[in-house]
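The values are calculated or read from the model by the stated rules, or taken from the named source; none is laboratory data. As the structure is a computational prediction, the values presented were derived from the model and not from experiment. For neighbour counting, all protein chains shown are included, and Cβ atoms are generated from backbone atoms with ideal geometry for every residue, glycine included. Just so you know, the surface numbers come from the protein's heavy atoms only, side chains and all, with ligands and any DNA or RNA stripped out. Shrake-Rupley method; radii C 1.70, N 1.55, O 1.52, S 1.80 Å.
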Amino acid sequence: MVENLAIVDLGSNSARMAITEIAPDGRFREIRRVKENTRLSEGMGREKMLQESAIERTIAALKRFKKIYQEIPNIKVRAITTAAVRQARNRQEFLNRVQQEVGIHLQVLSGKKEAYYDYLGVVRTLRLNHCLILDVGGASCELILVQQRKARNLISIPVGAVNLSEQYHLNGYVRSADLFRAQVAMNERLTKIPWLRYATRVPIVLLGGANRTLARMTQSYHHRHRRNGSIHGYQLSSRVVFATYRELLNRNLAQRKRMTGLEPERADIIIGGMLPLVTLLQRNSDGRVIFSESGVREGIITEYVNQRKRHHD
């Protein structure tokens with residue numbers, strides 16, 4: 001019997017849902033994908049409190065997702081949420097409200113678990129023996145060192161596109177003093193991760209919204225439109241990444257909103273979102289970045305299918 005699995009992934013910047021059809025033999029294919037920009041982590045600030053307007057936007061999106069998956073036969077729902085809720089002081093109230101108003105039980109993934117799912121999603125689809133995976137979300141970054149296709153080290157740090165942009169005023173036209181403060185802080189964060197020094201000669205595999213935006217911007221810039229618009233396996237050199245970053249820094253918010261490949265609603269957080277990558281690339285002598293379309297959601301499906309196989313065997 002064919003099973004359908006709806007994965008609701010509530011990120012700090014966007015809410016996504018992917019519905020996957022799983023055949024009895026364990027093969028799966030995605031049948032529906034929806035995304036809404038909810039920016040749950042907006043305005044959390046140092047108090048780390050989820051704001052009412054962000055909560056309402058998010059609950060409205062979850063209700064729309066529910067309408068879609070309720071129509072699908074034999075559906076299982078797995079709902080996860082990441083850094084914004086993980087860091088929030090009022091997370092329990094938020095989880096209770098989602099349970100009461102939408103009837104969805106949200107599992108808060110730990111940073112380590114999120115990083116591990118990223119790893120599962122990447123190694124399933126990219127043929128790389130050694131790499132450093134970087135997932136930049138709205139309120140956190142996951143880093144995974146892969147050696148011989150195994151996750152040797154992994155970590156989640158609480159900085160992402162939304163909170164970096166808010167904290168260092170990187171939203172509009174960026175002042176050099178603000179950018180410098182942000183770079184120094186980012187560098188200090190990375191220097192505190194001892195095993196990163198083993199990751200200087202490997203390609204960086206990119207996940208997350210900010211990184212996907214970078215891929216789309218460079219693709220439209222180089223007119224290399226891939227068939228079906230996929231960015232999976234798309235490669236760039238650090239030179240192109242730095243050039244794109246410079247282009248963004250040269251513009252104010254209104255000018256950035258008009259750039260091809262950059263969604264206007266992401267224009268205020270793209271500089272903060274690219275900062276972790278730019279900082280890493282300055283330490284990395286390999287100089288290649290490779291984009292992955294599969295991450296946490298694919299990792300969860302992979303785990304689910306494997307558990308089901310063990311259960312049936």
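Can you tell me which of Val146, Val122 is aliphatic (A, V, I, L, M) and touching a residue at least 60 places away in the same chain (Cβ under 8 Å)?
Numbers: Val146 fails: touching a residue at least 60 places away in the same chain (Cβ under 8 Å).
Of Val146, Val122, the one residue that is aliphatic (A, V, I, L, M) and touching a residue at least 60 places away in the same chain (Cβ under 8 Å) is Val122.
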*Say whether the condition of being under 30 Å from Ile204 (Cβ atoms), touching a helix residue (DSSP H, G or I) at 6+ places or on another chain (Cβ under 9 Å) and outside the structural domain of His232 (by the TED database) is met by at least one residue in the range 89-98.*
no
*Looking at the range 21-42, which of its residues are under 19 Å from the mean Cα position of the chain (by Cα) and either outside any strand (DSSP E or B) or polar (S, T, N, Q) (or both)?*
Asn37, Thr38, Arg39, Leu40, Ser41, Glu42
_Within the range 253-262, does at least one residue satisfy the condition of being within 18 Å of the chain's Cα centre (by Cα) and either touching a residue at least 24 places away in the same chain (Cβ under 8 Å) or open to solvent by less than 70 Å² (accessible area, probe 1.4 Å) (or both)?_
yes
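Condition check ((1) within 24 Å of Thr260 (Cα to Cα); (2) in the same structural domain as Asp268 (by the TED database); (3) modelled with pLDDT of 95 or more) across all residues:
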{"residue": "Cys141", "(1), (2), (3)": "no, yes, yes"}
{"residue": "Ala151", "(1), (2), (3)": "no, yes, yes"}
{"residue": "Arg175", "(1), (2), (3)": "yes, yes, yes"}
{"residue": "Met186", "(1), (2), (3)": "no, yes, yes"}
{"residue": "Thr191", "(1), (2), (3)": "no, yes, yes"}
{"residue": "Thr200", "(1), (2), (3)": "no, yes, no"}
{"residue": "Arg212", "(1), (2), (3)": "yes, yes, no"}
{"residue": "Gly229", "(1), (2), (3)": "yes, yes, no"}
*Identify, from the list Ile301, Ile269, the residue that is outside the structural domain of Glu142 (by the TED database) and among the hydrophobic types (A, V, I, L, M, F, W, C).*
Ile301
*Looking at the range 60-96, which of its residues are among the polar types (S, T, N, Q) and surrounded by 13 or more Cβ atoms within 10 Å (Cβ to Cβ)?*
Thr81, Thr82, Gln87, Asn90
*Taking Val123 as meeting all but one of (1) surrounded by 21 or more Cβ atoms within 10 Å (Cβ to Cβ); (2) within 23 Å of Val159 (Cβ to Cβ), write down the number of the exception.*
(2)
*Could you give me the residue pairs with C-beta distances under 8 Å whose first residue belongs to the range 231-246 and is within 14 Å of Gly273 (Cα to Cα), whose second residue is hydroxyl-bearing (Ser, Thr, Tyr) and open to solvent by 30 Å² or more (accessible area, probe 1.4 Å) wherever it lies, and which are 6+ apart or on separate chains?*
Thr244/Tyr221
*Applying the selection to the range 251-281, what residues are assigned to a loop (DSSP other than H, G, I, E, B) and of a type in the set (A, V, I, L, M)?*
Met259, Leu262, Ala267, Ile269
*From (1) surrounded by fewer than 12 Cβ atoms within 10 Å (Cβ to Cβ); (2) touching a helix residue (DSSP H, G or I) at 6+ places or on another chain (Cβ under 7 Å), pick out the condition that doesn't hold for Ala267.*
(1)
